[in-house]
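Asks: Take a look at the following structure, please.
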Amino acid sequence: MKTPDQHNFARNLDTSARPTVVDRATWQAELNTLRVREKAHTRAGDAIAAARRRLPMVEVDPSIQLVGVHGPVPLLEVFEARSLLIAYFHMWHFGQPAEGQCEGCTFSTTHISELSYLHSRDVTYATFCEGPYEESSRYRDFMGWTMPWYSVPQDSVDPLIAGRHFGILVSYLRDGDQVFETYWTTGRGNEVMAPSFGLLDMTVYGRQETWENSPAGWPQRWGENTSEPNSFRISGRPISQWSRLAAGRSDNLGTGATATAPHGCQNEL
């Protein structure tokens, strides 16, 4: 299969608009002023995290069934004997091929690779996918993801989702044989999964997205709509799929389907 060179996606960036050039002392003085705001932002985040740790919690049935590599498994066992669990609820377009799957969930999940630091804090991380295990685990393998992967059967959706939707990030606590939900977030709250956003925010052109407050003339080529390019999709696929295809991985999910679903789920972030 002929695939675009993933390293050429943004080589035609227009850099004609750029900041004013000043001497280093002037530049450092401006940066020092901004640093005061950055530190205040960090401390505000610490204060919010402290409040998050003081939230009450709600009990969840520990016997809720998921499907893993060895078949049905209760929620309690997903903890892998640890005390804490973070689960990302991955959206799924049923019956669609790899290119038709959720670009926003693909973007977020692709960033999750190293779990040892979480494990050292007695935390398990897992993906709870909306799709059938056979299909969705093939997608996991195509993408090269290594985190624990579970499918959520239809009769387990309501007890876990509780009136929300897939695309949420949920924290749980296990106390013996009891399970409690302690926190959840979605939308831009999911950005904690994706360091790419934080790194882009450090660059002069930011995320290059149309919603950003940037100076006139700054490149903002990435929109938040269903046309391409959008934040997570290019040339008909979630961006991170192209490198997998270039590496020769199969994206066959066993459905025999072609992509027809509208690509609107990128707005989950």
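Asks: Which of the residues belonging to the range 120-130 are of a type in the set (A, V, I, L, M, F, W, C) and within 17 Å of the chain's Cα centre (by Cα)?
Replies: Ala126, Phe128, Cys129
Asks: Of the residues in the range 142-154, how many are over 20 Å from Ile86 (Cβ atoms) and in contact (Cβ under 8 Å) with a residue 12 or more places away in the chain?
Replies: Residues that pass the stated criteria total 3.
Asks: Ok, one more. Just to be sure before I move on: is Asn32 at pLDDT 95 or above and loosely packed, with under 10 Cβ neighbours inside 10 Å in the structure I sent?
Replies: Criteria met by Asn32.
Asks: Please go through the range 13-38 and give me each residue that is among the hydroxyl-bearing types (Ser, Thr, Tyr) and closer than 17 Å to Trp218 by Cβ, ordered by number.
Replies: Once the filter is applied, which keeps residues that are among the hydroxyl-bearing types (Ser, Thr, Tyr) and closer than 17 Å to Trp218 by Cβ, the range 13-38 yields Thr15, Ser16, Thr20.
Asks: If Tyr133 meets every condition in (1) over 18 Å from the mean Cα position of the chain (by Cα); (2) farther than 27 Å from Ala246 by Cα; (3) not hydrophobic (A, V, I, L, M, F, W, C) apart from one, which number is that one?
Replies: Answer for Tyr133: the failing condition is (2).
Asks: Follow-up. Just to check your reading of the model, which residue among Tyr150, Tyr205, Tyr117 is under 26 Å from Ser240 (Cα atoms), over 15 Å from the mean Cα position of the chain (by Cα), modelled with pLDDT of 95 or more and part of a loop (DSSP other than H, G, I, E, B)?
Replies: Selected residue: Tyr205, the only one of Tyr150, Tyr205, Tyr117 that is under 26 Å from Ser240 (Cα atoms), over 15 Å from the mean Cα position of the chain (by Cα), modelled with pLDDT of 95 or more and part of a loop (DSSP other than H, G, I, E, B).
Asks: Does Gln208 count as in contact with a strand residue (DSSP E or B) (Cβ under 8 Å, 6 or more places away or on another chain) and on the phi > 0 side of the Ramachandran plot?
Replies: So Gln208 fits the description; yes.
Asks: Let me ask something else about it. Hey, among the residues in the range 1-28 that are of a type in the set (Gly, Ala, Ser) and surrounded by 11 or more Cβ atoms within 10 Å (Cβ to Cβ), which one's modelled with the lowest pLDDT?
Replies: My answer is Ala10.
Asks: Here's a follow-up. Looking at the range 50-59, can you tell me whether even one residue there is of a type in the set (Gly, Ala, Ser) and either surrounded by 10 or more Cβ atoms within 10 Å (Cβ to Cβ) or in contact with a Pro (Cβ under 6 Å, 6 or more places away or on another chain) (or both)?
Replies: Checked against the condition, which is being of a type in the set (Gly, Ala, Ser) and either surrounded by 10 or more Cβ atoms within 10 Å (Cβ to Cβ) or in contact with a Pro (Cβ under 6 Å, 6 or more places away or on another chain) (or both), the range 50-59 yields no hits at all.
Asks: Can you report the number of residues in the range 120-140 which are assigned to a helix (DSSP H, G or I) and out of contact with any Asp or Glu (no Cβ under 9 Å at 6 or more places or on another chain)?
Replies: Residues in the range 120-140 being assigned to a helix (DSSP H, G or I) and out of contact with any Asp or Glu (no Cβ under 9 Å at 6 or more places or on another chain): 6 in total.
Asks: Considering only the range 95-134, how many residues are surrounded by fewer than 21 Cβ atoms within 10 Å (Cβ to Cβ) and of a type in the set (Asp, Glu)?
Replies: 4
Asks: Does Ser116 satisfy the criteria of being closer than 24 Å to Val152 by Cβ and polar (S, T, N, Q)?
Replies: Against the criterion (closer than 24 Å to Val152 by Cβ and polar (S, T, N, Q)), Ser116 does not qualify.
Asks: Within the range 158-198, which residues are without any contact (Cβ under 8 Å) to a residue 40 or more places away in the chain, within 27 Å of Ser231 (Cβ to Cβ), out of contact with any Lys or Arg (no Cβ under 9 Å at 6 or more places or on another chain) and in a helix (DSSP H, G or I)?
Replies: Those that are without any contact (Cβ under 8 Å) to a residue 40 or more places away in the chain, within 27 Å of Ser231 (Cβ to Cβ), out of contact with any Lys or Arg (no Cβ under 9 Å at 6 or more places or on another chain) and in a helix (DSSP H, G or I): Gly189, Val192, Gly198.
The values are calculated or read from the model by the stated rules, or taken from the named source; none is laboratory data. For clarity, every value in this text was computed on a predicted model and none was experimentally measured. As a convention, Cβ positions derive from the backbone with ideal geometry for all residues, glycine included, and neighbour counts pool all protein chains shown.
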